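One structure below.
The values are calculated or read from the model by the stated rules, or taken from the named source; none is laboratory data. Quantities reported herein were computed from a predicted structural model and do not represent experimental measurements. Counting neighbours? That spans all protein chains shown, and the Cβs are built from the backbone with ideal geometry, glycine included.
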Amino acid sequence: MRPFRSRLTLIMLLLVGISVLAAGLTMAKVFRDSHISSLEEYMAREINLLEDMLELPAAPAEGENLPLVFENEAKRLAALTDSRVTFVAKDGRVLGDSQSKPGLMDNHLNREEIRDARPGVPGHAVRYSETLGRDMLYVAAPIVSSGGFEGYVRLSMSLAIVEEGLQRGWVIMGTALAILFLIAALISYRIARGLTRPIEHIMETANRISKLDYDARVGSMGRDEIGQLGASIDNMADSLQTQMHTIRDNESLLQNVLDNMTGGIIMIDENEKIGLVNRQAERMLGVRADRIVGRSYTELKRFYDLTKFIREGLQHKARTHDELSLFVPEEKLIALDGVPMTIQDDSYHGMLFLFQDVSDIRRLERMRSEFVANVSHELKTPVAAVQGFAETLLAGGVKDEETARSFLKIIYDEGDRLNRLIGDILDLSKIESRRIQLDYAPVHMLTLFQSVSKVLEGAAEQKRIEIRLDVPEELFIEADEDRLRQIFINLVGNGVSYTPEGGRIIIKADEFMDEEYESERIRFSVSDNGIGIPKKDLPRIFERFYRVDKARSRSSGGTGLGLSIVKHLVELHRGTISVESEVGSGSTFMVELPVLQENP
Ligand code: ADP
């Protein structure tokens, strides 16, 4: 049982016990007193009757022999009244007694009952009798007998009957009391339970709320103080729940913001423990937030430079910035910012570290500067040639017209090359920066390839190279016709350039259903049986200015930009390009393009 309820029950039982006991004791006293007083009355009336019946002589003087008449009379009356009878002289001498020898008894003048006895008012006393060994009731009255006796007659009676009655009364009362007590115990338990139950219910609810069960409610419990307490707890739970909702909403909002940031965030608290890691930081570092949050930042020790940066930030508690390389697993360049966190009263609460992956930006920057370097280098060669030959001519050293013409031809060719180079560079930078607008329209493929062949006819015929078309008549594609032509002029042109005399080039086109894209696509292939490309160069031939053999490329008039432009144009058409080649037996360039451009 709960302590409060048991204490309440105990107190109520104690109260019931005490009151029942007090009632018992009072009842016993009343019972005894009324019994004794009715006995007294009864005995007084008997004495009155005796007074009239008695014919006793006057008491002998002191020192004289006591006549036996007193004793005999006492015994006779005792038999009649069923009590002890004593005759006492006026001076207190016992003259006769129904149970003792008067000579052995001391003077009775000072006995309470004798002292109090007056005519018409009998004296009485309850006393323990040593002679009889029990409580006795004594009633005495002064009498004047017709024989001349003047003194006291005393009746005494054992209180054993009273005690017996009392005892019986106690047994009955005790049983009744025990039953009463049991009933009282039951009732007081129920009352205590009735009182404590709502409190216990409130307590349970409060406990549930404190264990974060914000749905727990006391419910309606009446209008008394306990009911009001319950209502207050419910109100508190309501407001707690609302606040909790707001906090959770804010939290998930914040989490959303953190998770969708492009930068990574790690928060380290003032105890140097990791307090927060957002999704981007998890991705950048290849760690899991649930594994490291709550632990020391030194858990990140495998990133030596990073932990060093964090340690310095924590030491200085000031803004810091740095750029580090992380290997997760490939190298990443990360821009790191450390910001001290302060709350309201400007107290320091740790550091916030922001991560920005700048690998792409830096790579682009590097590519751009490399491009500029490449372009200048590429431009310098023809310019130097033009300058050199022009200088020689100007110096007037060349006399014969034949040589002069050949020099001028070189100057012209290099100028032409320079022109093409600049054209290609402009084209490429336009395509790369997505500044060109594709003009989609249905293109009849056979017609397109025929015009491509026409453009390259002259060069091909010079080398006796056959261009074979294996393109279905009904094939159409949605594309930017000029750009599509540019793609194939480049590919077929390369085939012509890098195939020895008497070779052949085959152009094929097939429509097919692509499972991955779930759309119709066309696969084109341009195959030659020329010199081929070494395996090691294959992955790089689509790079700008990359040439397998610089001298050969130069002699064929190549700029090293053709394939780079082709790749970009194919990708602009949402297509793919690949190459297969073997040195000495030829190369095949494969282009796959969608038949239709969705949302062009
Ligand atoms: P280029 O203007 O030098 O031809 P491209 O970008 O068109 O530049 O080609 C890059 C390099 O790829 C060429 O220099 C050449 O070495 C190689 N290449 C391209 N097409 C072929 C081919 N059909 N056969 C052999 N090599 C080729």
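Numbers below:
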| item | result |
| --- | --- |
| Test result for residue 579, within 15 Å of the ligand (Cβ to nearest atom), not in a strand (DSSP E or B) and not assigned by TED's automatic domain parsing to the domain that holds residue 422 | no |
| Pair list, Cβ under 6 Å, 6 or more apart: region 530-546 residue without any contact (Cβ under 8 Å) to a residue 24 or more places away in the chain and closer than 27 Å to residue 379 by Cβ, other residue within 8 Å of the ligand (Cβ to nearest atom) and β-branched (Val, Ile, Thr) | 537/548 |
| Meets criteria (under 22 Å from residue 595 (Cβ atoms) and either within 8 Å of the ligand (Cβ to nearest atom) or not hydrophobic (A, V, I, L, M, F, W, C) (or both)) for residue 523 | yes |
| Residue among 528, 537 that alone is within 16 Å of the ligand (Cβ to nearest atom), acidic (Asp, Glu) and in contact with a helix residue (DSSP H, G or I) (Cβ under 6 Å, 6 or more places away or on another chain) | 528 |
| Scope region 82-99; condition surrounded by 18 or more Cβ atoms within 10 Å (Cβ to Cβ), polar (S, T, N, Q) and either closer than 17 Å to residue 159 by Cβ or in contact (Cβ under 8 Å) with a residue 60 or more places away in the chain (or both); matching residues | 83, 86 |
| Positions within region 272-308 being among the polar types (S, T, N, Q) and free of Cβ contacts under 8 Å to residues at least 60 places away in the same chain, in sequence order | 278, 296, 298, 307 |
| Selection count, region 560-591, where residues are without any contact (Cβ under 8 Å) to a residue 12 or more places away in the chain and farther than 18 Å from residue 440 by Cβ | 1 |
| Sole residue being among the small types (Gly, Ala, Ser) and closer than 22 Å to residue 4 by Cα, chosen from 210, 239 | 210 |
| Tabulated pairs, region 101-120, first touching a residue at least 40 places away in the same chain (Cβ under 8 Å), second hydroxyl-bearing (Ser, Thr, Tyr), C-beta under 6 angstrom, 6+ apart or interchain | 113/138; 114/152 |
| Out of 584, 562, sole residue that is within 25 Å of residue 457 (Cβ to Cβ) and either more than 8 Å from the ligand (Cβ to nearest atom) or in the same structural domain as residue 454 (by TED's automatic domain parsing) (or both) | 562 |
| Residue match in region 324-332 (condition: free of Cβ contacts under 8 Å to residues at least 60 places away in the same chain, in contact with a Lys or Arg (Cβ under 6 Å, 6 or more places away or on another chain) and farther than 26 Å from residue 275 by Cβ) | no |
| Which listed residue is over 30 Å from residue 367 (Cα atoms), part of a loop (DSSP other than H, G, I, E, B) and not basic (Lys, Arg), from 457, 474 | 474 |
| Residue list for region 413-434, restricted to those being farther than 17 Å from residue 484 by Cα and loosely packed, with under 12 Cβ neighbours inside 10 Å | 419, 426, 433 |
| Residues located in region 20-59, provided they are loosely packed, with under 13 Cβ neighbours inside 10 Å, modelled with pLDDT under 85 and farther than 30 Å from residue 80 by Cα | 21 |
| Which numbered condition residue 137 fails, given (1) touching a Ser or Thr at 6+ places or on another chain (Cβ under 8 Å); (2) within 18 Å of residue 30 (Cα to Cα); (3) free of Cβ contacts under 8 Å to residues at least 40 places away in the same chain | (3) |
| Selection count where residues are touching a residue at least 12 places away in the same chain (Cβ under 8 Å) and either part of a helix (DSSP H, G or I) or among the basic types (Lys, Arg) (or both), scope region 344-365 | 2 |
| Residue within region 366-382 that is outside any helix (DSSP H, G or I) and either surrounded by 15 or more Cβ atoms within 10 Å (Cβ to Cβ) or touching a strand residue (DSSP E or B) at 6+ places or on another chain (Cβ under 6 Å) (or both) present | no |
| Qualifying residue in region 551-559 (condition: surrounded by 20 or more Cβ atoms within 10 Å (Cβ to Cβ) and either within 11 Å of the ligand (Cβ to nearest atom) or not assigned by TED's automatic domain parsing to the domain that holds residue 487 (or both)) | yes |
| Residue tally, condition over 21 Å from residue 12 (Cα atoms), in contact (Cβ under 8 Å) with a residue 24 or more places away in the chain and among the charged types (D, E, K, R), over region 185-233 | 1 |
| Where residue 12 falls short, out of the listed (1) over 30 Å from residue 172 (Cα atoms); (2) at pLDDT below 85; (3) part of a helix (DSSP H, G or I) | (1) |
| Scope region 542-591; condition of a type in the set (Phe, Trp, Tyr) and within 58 Å of the chain's Cα centre (by Cα); matching residues | 542 |
| Extreme residue, modelled with the lowest pLDDT, among residues of region 338-348 that are closer than 24 Å to residue 260 by Cβ and surrounded by 16 or more Cβ atoms within 10 Å (Cβ to Cβ) | 341 |
| Failed item in (1) within 60 Å of the chain's Cα centre (by Cα); (2) away from the ligand (no atom under 11 Å from the Cβ); (3) over 21 Å from residue 439 (Cα atoms); (4) not aliphatic (A, V, I, L, M), with residue 504 passing the rest | (1) |
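Here is a yes/no grid of residues against (1) surrounded by 13 or more Cβ atoms within 10 Å (Cβ to Cβ); (2) more than 16 Å from the ligand (Cβ to nearest atom); (3) more than 60 Å from the chain's Cα centre (by Cα):
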{"position": "444", "(1), (2), (3)": "yes, yes, yes"}
{"position": "449", "(1), (2), (3)": "yes, yes, yes"}
{"position": "464", "(1), (2), (3)": "no, yes, yes"}
{"position": "468", "(1), (2), (3)": "no, no, yes"}
{"position": "471", "(1), (2), (3)": "yes, yes, yes"}
{"position": "476", "(1), (2), (3)": "yes, yes, yes"}
{"position": "484", "(1), (2), (3)": "yes, yes, no"}
{"position": "498", "(1), (2), (3)": "yes, no, yes"}
